[in-house]
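The structure appears below as structure tokens.
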Amino acid sequence: MEPIRTLRSRTAVLAVSDIDTDQIIPARFLTTTTREGLGKHLFADWRYGPDGVPRPGFALNRPEAAGCTILVAGDNFGCGSSREHAPWALTDYGFRAVVSTRIADIFRSNALKNGLVPVLIDPATHRWLLEHAGAEVSIDLETTTLTLPTGQAARFPLEPFARFCLMNGVDELGFLLGREAQIAAYEARAGIA
Amino acid sequence: MNAPAHTLFEKAWRAHEVVPETADTPAVLYIDLHLIHEVTSPQAFTVLRQRGLQIRRPQLTFATMDHSTPTRTEQVFGGAPIAIEAAARQVRELESNCAAFGLELLNLRHAQRGIVHIIGPELGLTQPGKTVVCGDSHTSTHGALGALAFGIGTTEVGHVLATQCLLQRKPRTLAINVSGKLPAGVGAKDLILAIIGRIGVAGGTGHAIEYRGDTIRALDMDGRMTVCNMSIEAGARAGMIAPDETTFAYLAGRPHAPRGEAWERAVERWRQLPTDPGAQFDKAIDIDASTLEPMVTYGTNPGMVMPIGGAIPERAGDPVFEKSLAYMGFAPGQPIREHPVNVVFVGSCTNGRLSDLRLAASLLRGRKVAPGVQMLVVPGSQQVKRLAEAEGLHRVFLEAGAEWRESGCSMCLGMNGDLVGKGQYAVSTSNRNFEGRQGIGARTLLASPLTAAACAVRGCVTDPRELM
């Protein structure tokens, strides 16, 4: 995983609340056995018409959305299924952060393991972002702040261990494997052999 | 000094702390039971191979196939190939991964195969106080037996395979106290839909729910599993119900349940699990079950739910709400009863157990599915299928004009060939009415097995009490 310290990008905005993982990546694309290449199916049923032609009105299809790495979404992003294909699709497309007022638990956990920063922002800053699609914002993991082009900065919560892993490109598996002695001791206590 | 009072969740959590959490690091939590399936496991095995890792405790992981597998008998048993090539590839890959890593697999033709959340309890793998995880959000189902059970992503599937542990922050606790007798025609599905309607699809985010009270105690295990199953639809990390005599009677004699003296010792241990008097929850809400009605969803998330006799709410100036109703083809203020239905689906990890099939059959017996309506009845496991057939339930469904299939996730999610057509209305006993969940452009109305059967008979949204 690439370390992330700061992100700076124009925003793509999906002002829809409760965006579920079936919208992020519909189930028919889950028959893959790899994690690569899902970006082309991101938001497939919103992004493309029945004929496979991009819908011009959809936020990600507008020319100004090209190259954006920060997605701003309505309240409660990523609810529903545990499919990690959702953050895989978002990162494969090019997103590095998702900003919302609430992010569903399993999605947030999956996002963190794939270098996608979940940014939980206060309602006032969120409202500003929803109303200013394409605004150039920056996200700093050192200070856990999101800064608007107005210069106004908003703090966001990020669990310290998750922040450490993102900033250092560390994956949790290495950390868990390093707990071998404690795991073995637990198994001995519990009679697991 | 008295021992401190703990909740059921707290007891299960503490018993599995390999390393407790600190301000800087999450807890290392030991996992007793890991269930895997064909869709969310392949990439985890790839990581094991890339890093040269073995499975730490192969005897604690069980594999089945359910999500992308076909339900048509000829594709399961009849020698016809699986119609979706990518699904066939996933099935083969799970077979080769389990063989290579020494995992027990209930493969496509296995007599014990079924939906992962149906077979865990059914085989006695799921037990009170255990930690249970699976790469599927409806793992919350297993909490009905007093287990701490939650869904994980594929990266975490790899963590469990390699270390039998997960890094977890402790969730907060939410007590949902349910009291009063459920009225006739109103069941566990209506109760959990009403709860989600009350607290919203993010109402449980960051929390482990414990369902409590006399209504919950009176539910059978199948009903308790329906309730816990949909905890995730309220955003909750887990849903739990304290084990009691109903739980023990359900588990006794199941293939993986302890036997003899080990059983006695286990029950003794399980009796210590219920929340102690005076233990504190972070949040609590009360629900009166005695006034509930059959519930049905009208929108595109499970929180958009109403009593079946009601009118669709109005929320002027809410564009997301309007977009949702536009997708469904509904108007604010419109009654939902009598609305035509094209498809009825009875099945899924929410309502694919024997009691669910009995309920649907009780309403269909001696009646016919309305002309033009497709009804699919899909047992949650091959064992549920055999038990239903032993009671003759399959004949009730077939004589009514419904289809009777092999077990699997089927029409709950559009990835195995069982699909609802564009613009069609499906009354479904599954758990999600998201846009496109059952097929591109499909419109899903979530309801109980009784309501689903009533809708099939009338060909329109029908209060089951009219046919009881």
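The values are calculated or read from the model by the stated rules, or taken from the named source; none is laboratory data. Values in this document were obtained by computation on a predicted structure and should not be read as measured data. Ideal geometry is used to build each Cβ from the backbone, glycine not excepted, and the neighbour counts take in all protein chains shown.
May I ask you to verify whether B:THR61 is closer than 18 Å to B:SER381 by Cα and within 14 Å of chain A (Cβ to nearest Cβ)? In short, no. Across the range B:83-92, the number of residues qualifying as closer than 15 Å to B:LEU419 by Cβ and crowded, with 21+ Cβ neighbours inside 10 Å comes to 1.
Taking helices (runs of 4 or more DSSP H) that do not extend beyond the range B:83-201, which have at least 2 residues that are without any contact (Cβ under 8 Å) to a residue 60 or more places away in the chain, over 16 Å from B:LEU60 (Cα atoms) and within 12 Å of chain A (Cβ to nearest Cβ)?
Details: elements: B:85-101, B:116-122, B:154-163, B:188-199.
By residue number, B:85-101.
Check the range B:442-454 and report whether any residue there is within 20 Å of B:VAL305 (Cβ to Cβ) and either surrounded by fewer than 22 Cβ atoms within 10 Å (Cβ to Cβ) or at pLDDT below 95 (or both). Give the derivation first.
First pass over the range B:442-454, keeping only residues within 20 Å of B:VAL305 (Cβ to Cβ): B:442-454.
Restricting the remaining residues to those that are either surrounded by fewer than 22 Cβ atoms within 10 Å (Cβ to Cβ) or at pLDDT below 95 (or both) gives none.
There is no residue in the range B:442-454 that is within 20 Å of B:VAL305 (Cβ to Cβ) and either surrounded by fewer than 22 Cβ atoms within 10 Å (Cβ to Cβ) or at pLDDT below 95 (or both).
Against the criterion of being out of contact with any helix residue (DSSP H, G or I) (no Cβ under 7 Å at 6 or more places or on another chain), in contact (Cβ under 8 Å) with a residue 60 or more places away in the chain and more than 20 Å from A:GLY80 (Cα to Cα), A:ARG127 does not qualify.
In the range B:12-54, the residue that is nearest to the other protein chains (Cβ to nearest Cβ) out of those that are closer than 25 Å to A:PRO160 by Cβ and among the acidic types (Asp, Glu) is B:ASP24. The conditions of being away from every other protein chain (no Cβ under 14 Å) and either of a type in the set (D, E, K, R) or under 23 Å from A:PRO157 (Cα atoms) (or both) are not met by A:VAL53.
Does A:SER100 meet the test of being within 24 Å of A:ARG10 (Cα to Cα) and in contact (Cβ under 8 Å) with a residue 60 or more places away in the chain?
Details: within 24 Å of A:ARG10 (Cα to Cα): yes; in contact (Cβ under 8 Å) with a residue 60 or more places away in the chain: no.
Here the answer is no, as A:SER100 does not meet what is asked.
If a residue must be surrounded by fewer than 16 Cβ atoms within 10 Å (Cβ to Cβ), among the charged types (D, E, K, R) and touching a residue at least 60 places away in the same chain (Cβ under 8 Å), how many such residues does the range B:52-82 contain? Count: 0. Within the range B:417-438, residues that are more than 11 Å from every other protein chain (Cβ to nearest Cβ) have Cβ atoms under 8 Å from residues that are crowded, with 24+ Cβ neighbours inside 10 Å and at pLDDT below 95 in no pair, counting only partners at least 6 apart in sequence or on another chain.
If a residue must be farther than 17 Å from A:THR69 by Cβ and more than 18 Å from the chain's Cα centre (by Cα), how many such residues does the range A:130-141 contain?
Qualifying residue count for the region: 1.
Scanning the range A:38-49 for residues that are modelled with pLDDT of 95 or more and either in a loop (DSSP other than H, G, I, E, B) or charged (D, E, K, R) (or both) yields a total of 5. When we screen B:THR154, B:THR226 for residues that are in the same structural domain as B:THR46 (by TED's automatic domain parsing), at pLDDT 95 or above and out of contact with any strand residue (DSSP E or B) (no Cβ under 8 Å at 6 or more places or on another chain), the only hit is B:THR154.
Identify, from the list A:ALA66, A:ALA59, A:ALA15, A:ALA44, the residue that is buried (at least 21 other Cβ atoms within 10 Å of the Cβ) and either among the small types (Gly, Ala, Ser) or more than 24 Å from A:LEU166 (Cα to Cα) (or both). Give the steps one after another, and end with the answer.
Details: A:ALA66 fails: buried (at least 21 other Cβ atoms within 10 Å of the Cβ); A:ALA15 fails: buried (at least 21 other Cβ atoms within 10 Å of the Cβ); A:ALA44 fails: buried (at least 21 other Cβ atoms within 10 Å of the Cβ).
Among A:ALA66, A:ALA59, A:ALA15, A:ALA44, only A:ALA59 is buried (at least 21 other Cβ atoms within 10 Å of the Cβ) and either among the small types (Gly, Ala, Ser) or more than 24 Å from A:LEU166 (Cα to Cα) (or both).
The helices (runs of 4 or more DSSP H) falling completely within the range B:331-426 that include 3 or more residues that are within 23 Å of the chain's Cα centre (by Cα) and surrounded by fewer than 21 Cβ atoms within 10 Å (Cβ to Cβ) map to B:354-364, B:382-390. Within the range A:72-108, restricting attention to residues that are assigned to a loop (DSSP other than H, G, I, E, B) and more than 13 Å from every other protein chain (Cβ to nearest Cβ), the residue that is farthest from A:ARG155 (Cα to Cα) is A:GLY94.
Residue count for the range A:10-22 satisfying the condition of being within 12 Å of another protein chain (Cβ to nearest Cβ), more than 18 Å from B:SER68 (Cα to Cα) and not charged (D, E, K, R): 5. Restricting B:GLY180, B:GLY143 to those that are touching a Ser or Thr at 6+ places or on another chain (Cβ under 8 Å), buried (at least 24 other Cβ atoms within 10 Å of the Cβ) and more than 18 Å from B:PRO449 (Cα to Cα) reduces the list to B:GLY143. Only one of the numbered conditions (1) outside the structural domain of B:GLU38 (by TED's automatic domain parsing); (2) surrounded by fewer than 24 Cβ atoms within 10 Å (Cβ to Cβ) is not met by B:ILE195, and that is (2). Under the condition of being β-branched (Val, Ile, Thr) and either more than 23 Å from the chain's Cα centre (by Cα) or at pLDDT below 95 (or both), the residues counted in the range B:27-49 number 3.
Working only within the range A:54-64, note down all residues that are in contact (Cβ under 8 Å) with a residue 60 or more places away in the chain and touching a helix residue (DSSP H, G or I) at 6+ places or on another chain (Cβ under 7 Å).
Step one: of the range A:54-64, the residues in contact (Cβ under 8 Å) with a residue 60 or more places away in the chain are A:59, A:64.
Residue satisfying the conditions is A:ALA59 alone.
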